[in-house]
Amino acid sequence: MALSLVPVSFDQLAGWQQDDPTPIIEGLMDCGRHVASVKAYKTGSMGLTCADLAPAYGSAADECPRSACEARRFFESHFQPFQIRTAEEKAGFVTAYYEPELEVSSRRSARFCHPIYKRPHDLIALDDTNRPAGFDASLAFGWKTDGGIKEYPDRRAIDQGFLDGRGLEIAWAASRADVFFMHIQGSARLCFEDGSMRRVTYAAKTGHPFTAIGRVLIDWGEQHPDRVTMQSLRRWLMDHPDRVDALLWRNRSYIFFREASVDDPDRGPVAAAKVPLIPGRSLAVDRFIHTFGMPVFIDAEKLIHLSDQPFRRLMLAQDTGSAIVGPARGDIFTGSGSHAGELAGRVKHEATFYALVPNAAAGRFSQ
């Protein structure tokens, strides 16, 4: 999708003077440490690079702003805002996601019978060097077999026992709906019967395209387009147990997880940018367009339930998702637990997106 970047001033960002972007500072430093010690993030098609962002990472650590006023001055000193516009001039759009908490057991039982799987050994990443001829170019994973690489079995096959007996179960959950929505969110806190807690996060997927079950229910005439929320989807699953398979299997994509440490339960899960997410400040973006570690200001005037006022806030691109497609499309991380889930499930709003580009690189985007 074509996009254009229109330079604006910070004074033109509605709500900027009322925002407190202090939490973003720690996020910038996290991204800087990852880039410096592990690897740089891939550059999106917009063209902003980790090298462009590196000076800002260093300045965040050196200056370490501690108040809202200092944080705003930091961004005003080091960045130039650009409004993101699409060729179609369509409004941007935000949804939200969260880190669920699931009641689980380490052993299967009549109650705990829904598996949470780690990545199978025969699931391999695909790229231009190993993707078989004729394979859909969008498939990022495949099934390594003695007869060559094939399409990995989908959600239906896995639900019907394809992975049984391999010892891949991280835990067993009591609710199939919880596991499904955990797949959508990409992470979870697992609460075991003995009171212990473990965190899991995305490891891989079968590679099949993601299909939103809300869209399926709209097509079936079972949900109104303006009233689809995570809560309405959960109610439908509870009210139609005989049709759950038919609905969930329409989403062929299946997610696998890996265990992650919970060094600080107050911090968010480690997601695609390989650093902890910041509740209310981390944004999932289209990774093919945007580069992780880029600040993005969101102006969603009609989104008011997250903070009892219009959502106008500086965010940090730190995650991605199959449904997040396009330059002015984002998914807000609301935090962990059931309350965060209630908040996230109701976010479906138009928004204006502004990319904050480091001053040294701003000239490239003003052409």
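Summary table below
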read-out: Candidate set: the range 134-160, residues that are over 24 Å from L247 (Cα atoms) and basic (K, R); chosen: the one surrounded by the most Cβ atoms within 10 Å (Cβ to Cβ); value: K144
read-out: Yes/no for L163 being buried (at least 17 other Cβ atoms within 10 Å of the Cβ), among the aliphatic types (A, V, I, L, M), in contact with a strand residue (DSSP E or B) (Cβ under 9 Å, 6 or more places away or on another chain) and part of a loop (DSSP other than H, G, I, E, B); value: yes
read-out: Filter result for A355 (in the same structural domain as R73 (by TED's automatic domain parsing) and either buried (at least 24 other Cβ atoms within 10 Å of the Cβ) or out of contact with any Ser or Thr (no Cβ under 8 Å at 6 or more places or on another chain) (or both)); value: yes
read-out: Every residue from the range 205-244 that is of a type in the set (G, A, S) and either in a helix (DSSP H, G or I) or buried (at least 16 other Cβ atoms within 10 Å of the Cβ) (or both); value: G207, G214, S232
read-out: Index of the failed condition, R250 passing every other in (1) outside the structural domain of A177 (by TED's automatic domain parsing); (2) surrounded by fewer than 21 Cβ atoms within 10 Å (Cβ to Cβ); value: (1)
read-out: Residue check for V325: crowded, with 20+ Cβ neighbours inside 10 Å and at pLDDT below 95; value: no
read-out: Filtered residues of the range 63-84 (kept if among the basic types (K, R) and at pLDDT 95 or above); value: R72, R73
read-out: Hey, S282 out of contact with any Lys or Arg (no Cβ under 9 Å at 6 or more places or on another chain) and crowded, with 24+ Cβ neighbours inside 10 Å or not; value: yes
read-out: For G147: the one exception among (1) touching a residue at least 12 places away in the same chain (Cβ under 8 Å); (2) out of contact with any strand residue (DSSP E or B) (no Cβ under 7 Å at 6 or more places or on another chain); value: (1)
read-out: Residue selected from the range 328-356 under the condition basic (K, R) and modelled with pLDDT under 95, by the criterion nearest to Q12 (Cα to Cα); value: K348
read-out: Residue count, the range 245-266 (criterion: part of a loop (DSSP other than H, G, I, E, B) and either free of Cβ contacts under 8 Å to residues at least 24 places away in the same chain or not β-branched (V, I, T) (or both)); value: 11
read-out: Failed criterion for Y57 (all others in (1) under 15 Å from V357 (Cα atoms); (2) within 21 Å of the chain's Cα centre (by Cα); (3) of a type in the set (S, T, Y) hold); value: (2)
read-out: Test: residue in the range 143-159 that is out of contact with any Phe, Trp or Tyr (no Cβ under 7 Å at 6 or more places or on another chain) and closer than 30 Å to V8 by Cβ; value: no
read-out: Options V285, V270, V275; residue that is out of contact with any Phe, Trp or Tyr (no Cβ under 7 Å at 6 or more places or on another chain) and farther than 24 Å from H78 by Cα; value: V270
read-out: Hits in the range 2-27 - residues which are hydrophobic (A, V, I, L, M, F, W, C) and either without any contact (Cβ under 8 Å) to a residue 60 or more places away in the chain or not in a loop (DSSP other than H, G, I, E, B) (or both); value: L3, L5, V6, F10, W16, I24, I25
read-out: Selection status of S336, crowded, with 22+ Cβ neighbours inside 10 Å and either among the hydroxyl-bearing types (S, T, Y) or in the same structural domain as N251 (by TED's automatic domain parsing) (or both); value: yes
read-out: Test: D263 is at pLDDT 95 or above, charged (D, E, K, R) and out of contact with any strand residue (DSSP E or B) (no Cβ under 7 Å at 6 or more places or on another chain); value: no
read-out: Residue in the range 299-311 that is buried (at least 21 other Cβ atoms within 10 Å of the Cβ), under 30 Å from H34 (Cα atoms) and either outside the structural domain of R72 (by TED's automatic domain parsing) or within 14 Å of the chain's Cα centre (by Cα) (or both) present; value: no
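The values are calculated or read from the model by the stated rules, or taken from the named source; none is laboratory data. Being a predicted model, the structure only gives us computed values, none of them experimental. So basically every Cβ, Gly included, is an ideal-geometry build from the backbone, and we count neighbours across all protein chains shown.
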